[in-house]
Amino acid sequence: MRLNICNGTQKFMLNKIEFLLHLADNALIIGHRSSEWCAHGPVLEQDIAISNIALDYIGQARNFYQYAALRLNELPPESSVFNLPATEDTLAYLRDANDFKNHLITELPNGDWAFTTLRIFFFSSYQYFLYQQLIQHEDAQIAAIAEKSLKEVTYHLRWSSDWVIRLGDGTTESYQRMNTAINALWPYTQELFQENNFLQPAKNILAQIQIDWNEKIKNVFEEAGLPLPEKSIQHKGGTQGFHTEHLPIILTEMQLLQRAYPNCEW
Amino acid sequence: MQNQQDVLFQNKVDKEIRIEPKDWMPEKYRQTLIRQISQHAHSEIIGMLPEGNWITRAPSLRRKAILLAKVQDEAGHGLYLYSAAETLGISRDEMYHQLHTGKAKYSSIFNYPTLSWADMGVIGWLVDGAAIMNQVPLCRSSYGPYARAMVRVCKEESFHQRQGFDILYTLGKGSEAQRKMAQDAINRWWWPSIMMFGPKDDESPNSIQSMKWKIKRFSNDELRQKFIDVCAEQVKVLGFTLPDKDLKWNETRKHYDFGEINWDEFWQVIQGNGPCNKERLEARKKAWTDGEWVRDAATAYAAKNKAA
Ligand SMILES: [Fe+2]
Ligand SMILES: [Fe+2]
Ligand SMILES: [Fe+2]
């Protein structure tokens, strides 16, 4: 979606909308991945747990999309070339991959249970510290969504930390698989702290989130007996719409019906 | 030959006194229940597959959330039911083993493919609907843990049926293409749904004993008729038709007459020759095999931390 900039107030609002879409896209895409486990989990209780987490993510995405749509619909029509009126569904189902602003880490395929739980651990640690900042956001609606989501994320973080520890300190095989997952995922972690022009609150907050995040990872890895990875290549671009090959495939699947049968109620 | 214990047991059942895990029960009663409850549990778990299929393709975020919650409920039902079966002295692993080796059966309905979004509507409306019809009487099963599990299950099933009906209702009010999609799904699922009540009464050998033990309260044909009567009315509200040219209200019987069920297809699917028998079982086996190292790691971790 290209948003044409008009004046100062609108520019401020457009930034906020892009930020909301970024938060929503992150939640939707990792929610999509988590939902792929439903009916295929390693044990029934965990099938239920990860489906629950997927539901939380989709709920967060809906809250952010709904609020973004509300704000978008208040803008003068000429400031947006996007289908108006916007709804949570036009935003999720009718944007192309290069409009999506999610971090790359959310779109990678699930891999095995080690990869899946480690991804959720990395990502929910990030969300945990981010939402703690957002509950103080000057926009009361953002603050409210963050507060509600923070409760869920706190659980995701505990659940995924437990799995990282359990697999790190489980069997030789689970330790090795966790190691493989660390090496595969680490190159997608630093994008989480990369500055971008729409990110609110103030940019220096990301630096603080990164410090807290590093501390959290260090502690959990220590308990799991897992090594912290060396510096590695870092991939980025998701927030600017430069994605991996996986995102267009996710969207093709997800958007199928909305694209094939336009303007329908479901 | 009837011994004292058998007589006492039957007296309790006749007086509607619940049988609990520690109570004495005839071995045949235990075995029948294990078979029935584990079959039911497997059906919940296998049943997650055809619908789980469409979670990533749900056409709106609201529908996605509802479908995901629904499929997750089915996992919960599986869990309650496996726990109920475990009170009879069989482990969940053993029941899985029976499922994976083909020894245990599950509801044949899940061996049919889900080919469009409308199938999510029809499964909710017809499949969950038939399940409710079958299961509400089980809330009064003579076996306590099963009856209690069924009370929880049935509450959620009625929400499942409503969301399915709602999907179809929305499609019915939609475009020509949506209406076509829905009618096609109804056409494919109708006959398999009414087969869910099992063979005709005169070909259902276990039924009489099960009725006497009150682990079954109505006959297959009674429940099937009741279901058909309800659906024949509901389909009018939806604005669709059921694919049975013989479906007609019979004023004398005060029931709908219906056409001949294809029993050959019914037995074929039970014997493993349905359209998706192989895929469904393979998917469950794969989840179980792929998960083995995870379960092993969890066990190893728990053992270490207990020791520490
Ligand atoms: Fe169920
Ligand atoms: Fe059921
Ligand atoms: Fe159900």
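The values are calculated or read from the model by the stated rules, or taken from the named source; none is laboratory data. The shown structure was predicted, so the numbers you read here are calculated from the model rather than taken from an experiment. For neighbour counting, all protein chains shown are included, and Cβ atoms are generated from backbone atoms with ideal geometry for every residue, glycine included.
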Output for Cβ contacts, cut-off 7 Å, separation at least six or different chains, first residue without any contact (Cβ under 8 Å) to a residue 60 or more places away in the chain in the stretch A:247-264, second in a helix (DSSP H, G or I) and hydrophobic (A, V, I, L, M, F, W, C), reads A:261/B:177
Would you say residue A:206 is closer than 29 Å to residue B:307 by Cα and at pLDDT below 95? no
Could you tell me which of the residues B:72, B:98 is within 16 Å of ligand 3 (Cβ to nearest atom), assigned to a helix (DSSP H, G or I) and polar (S, T, N, Q)? B:72
State whether the residues of the stretch B:13-24 include one that is assigned to a helix (DSSP H, G or I) and surrounded by 16 or more Cβ atoms within 10 Å (Cβ to Cβ). yes
Meets criteria (within 13 Å of ligand 1 (Cβ to nearest atom), within 30 Å of residue A:255 (Cα to Cα) and within 12 Å of chain A (Cβ to nearest Cβ)) for residue B:118: no
Number of the exception - residue B:104 against (1) away from ligand 1 (no atom under 12 Å from the Cβ); (2) out of contact with any His (no Cβ under 7 Å at 6 or more places or on another chain): (2)
Of the residues in the stretch B:204-251, those that are farther than 24 Å from residue B:128 by Cβ and either free of Cβ contacts under 8 Å to residues at least 12 places away in the same chain or in a loop (DSSP other than H, G, I, E, B) (or both) come to B:205, B:206, B:208, B:211, B:213, B:214, B:245, B:246, B:248, B:250, B:251
Give the number of residues within the stretch B:251-295 that are surrounded by 14 or more Cβ atoms within 10 Å (Cβ to Cβ), among the basic types (Lys, Arg) and within 21 Å of the chain's Cα centre (by Cα). 3
Just give me the residues in the stretch B:252-308 being outside any helix (DSSP H, G or I) and facing chain A (nearest Cβ under 10 Å), in sequence order. B:291
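Yes/no per residue for (1) within 13 Å of ligand 3 (Cβ to nearest atom); (2) within 13 Å of chain A (Cβ to nearest Cβ); (3) buried (at least 20 other Cβ atoms within 10 Å of the Cβ):
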| position | (1), (2), (3) |
| --- | --- |
| B:38 | no, no, yes |
| B:48 | yes, yes, yes |
| B:94 | no, no, no |
| B:106 | no, no, yes |
Per the filter on the stretch A:28-51, residues facing chain B (nearest Cβ under 7 Å) and among the polar types (S, T, N, Q) are A:35, A:51
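Residue-wise test of (1) within 16 Å of ligand 3 (Cβ to nearest atom); (2) without any contact (Cβ under 8 Å) to a residue 24 or more places away in the chain; (3) touching a Leu at 6+ places or on another chain (Cβ under 7 Å).
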residue	(1), (2), (3)
B:29	no, no, no
B:54	yes, no, yes
B:64	no, yes, no
B:67	yes, no, no
B:77	yes, no, no
B:103	no, yes, no
For the stretch B:137-145, check the following and say yes or no: at least one residue is among the polar types (S, T, N, Q), more than 13 Å from ligand 1 (Cβ to nearest atom) and either modelled with pLDDT under 95 or out of contact with any strand residue (DSSP E or B) (no Cβ under 7 Å at 6 or more places or on another chain) (or both). yes
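Look through the stretch B:144-176, keep the residues that are part of a helix (DSSP H, G or I), among the hydroxyl-bearing types (Ser, Thr, Tyr) and over 17 Å from the mean Cα position of the chain (by Cα), and return whichever of them is farthest from ligand 2 (Cβ to nearest atom).
Checked the stretch B:144-176; the qualifying residue farthest from ligand 2 (Cβ to nearest atom) is B:170.
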Output the number of residues of the stretch B:151-167 satisfying the condition of being among the aromatic types (Phe, Trp, Tyr) and near ligand 3 (Cβ under 10 Å from one of its atoms). 1
